[in-house]
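Enquirer: Have a look at this one before I ask anything.
The values are calculated or read from the model by the stated rules, or taken from the named source; none is laboratory data. Because the structure is predicted, anything quoted here is derived from the model rather than measured. Note: ideal-geometry Cβ built from the backbone for every residue, glycine included; neighbour counts use all protein chains shown.
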Amino acid sequence: MLKLLDRYLFREFAQSTFAVLVVLLIVLFGGAFADVLRDVAEGKVPAQMLLAQLGLVFVKWIPTILPLSAMLGLMLAMGRLYRDAEMPVLVATGVGPKRMLRPLFLMAGPLILVVGLCSLWLAPWADATSQRMIDDASRNLLIAGMEPGRFTELPGGGGVIYVGALSGDSKRMERVFVYRQKRRAESERFQVTTSRSGAMNVQGERDRYLRLEDGFEVEGPLAGEGRDYRLMRYAANELRLPEELLKRRKSGDVELQPTLRLLGDPRPEAGAQLHSRIAPPLLTLALVLLALPLSRTNPRQARYGNMVMGFLTYLFAMFLTMLGTQWLEDGKLPTSIGLWWLLLPLLSASAWMYARDGRIRGPKPLPAARAS
């Protein structure tokens, strides 16, 4: 009987959580796709990396959407049990809060482990991998968006570049045309540079140059007025590409560091990042425990009334988490306190509410009829 009950409740919990997760993933896909597509349009992310970057964004968002999907899924499942009057039957058979923990954590336990794994390891790895792919793109002409036979606009409307052909390793180019605009002595001028061949030259973390060989450069007034034109033939010339061409961050960014490396980092931003990675699995545990008391309802109550309360609880917890992380970065909170001022009271309150309200009481007995 007990094993059968565990399977039944586990199936109810898992189906509802999976349904909520699918809906949230669809919503996340729309937002993430729009963000990555905007970066591609602005030239910050190469177009060839669209799908890879989108997948890495999903990995980084798992610690955020799984807690919400677990909480709402459990509330949907428990709400149905209350509306269909199945919970009074379970209570009559001796099923209390402790007995409900087994099927509850059969479903929520793996989710908490996945959230912890993603928050502590996979999300930082995805962030670092995303940045490394963009860094590698700065050394590859084809990935950087300079496709042969196509005009590519430079970020900020600074001009266009055309490459006639690329070598097999996409590191050298032939028949290059570059058009740029610049301001000199309060007058706007254009600059056209052509070359027979060239290559990408990377200096430092951000500076990228096109080293052009055997070509011409023409410069003149943009409005076409006057005769101030200059023609130059060169054997070698270097053109600096805009920094905004690719979305780059410094290698020392704490968001790119592994979790173990943050343990010995004394910087406030490193401590804030560490605590922000520890928080998601503990928040998931607290929200799972809160799902049962928050889902208590009666058959005549609105079907999704308690869902609003659950969603607001999630938003409030996430808001305090982000606020505490910002305080840690700004040095307003010591690293030793971290986010424990939020997590420990929330876990305690969740456990207390589960133990106190995580069961339904049977109907009150009717008063005995008075003898006439």
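Enquirer: Restricting to region 162-172, count the residues that are surrounded by 13 or more Cβ atoms within 10 Å (Cβ to Cβ) and modelled with pLDDT under 85. Break it down into steps so the answer makes sense when it comes.
Expert: Going residue by residue through region 162-172, those that are surrounded by 13 or more Cβ atoms within 10 Å (Cβ to Cβ) are 162-164, 166-167, 170-172.
This time we only want the ones that are modelled with pLDDT under 85, so: 166-167, 170-172.
Matching residues across region 162-172 total 5.
Enquirer: Just to verify a result, which residue in region 322-360, among those that are polar (S, T, N, Q) and modelled with pLDDT of 90 or more, is farthest from Pro268 (Cα to Cα)?
Expert: Ser350
Enquirer: Identify, from the list Lys98, Lys60, the residue that is within 30 Å of Ile134 (Cα to Cα) and either charged (D, E, K, R) or not in a helix (DSSP H, G or I) (or both).
Expert: Answer to the selection: Lys60.
Enquirer: Scanning region 46-62 for residues that are over 14 Å from Val27 (Cα atoms) and touching a Leu at 6+ places or on another chain (Cβ under 8 Å), which turns out modelled with the highest pLDDT?
Expert: Among those that are over 14 Å from Val27 (Cα atoms) and touching a Leu at 6+ places or on another chain (Cβ under 8 Å), it is Val59.
Enquirer: If Gln53 satisfies every condition in (1) buried (at least 18 other Cβ atoms within 10 Å of the Cβ); (2) outside any helix (DSSP H, G or I) but one, which is the exception?
Expert: (2)
Enquirer: OK, next. How about region 174-223: which of its residues are hydroxyl-bearing (Ser, Thr, Tyr) and either modelled with pLDDT of 90 or more or within 43 Å of the chain's Cα centre (by Cα) (or both)? If you could, list the steps in order and put the result at the bottom.
Expert: Initial filter on region 174-223 (hydroxyl-bearing (Ser, Thr, Tyr)): 179, 187, 193-195, 197, 209.
Of everything in region 174-223, those that are hydroxyl-bearing (Ser, Thr, Tyr) and either modelled with pLDDT of 90 or more or within 43 Å of the chain's Cα centre (by Cα) (or both) turn out to be Tyr179, Thr193, Thr194, Ser195, Ser197, Tyr209.
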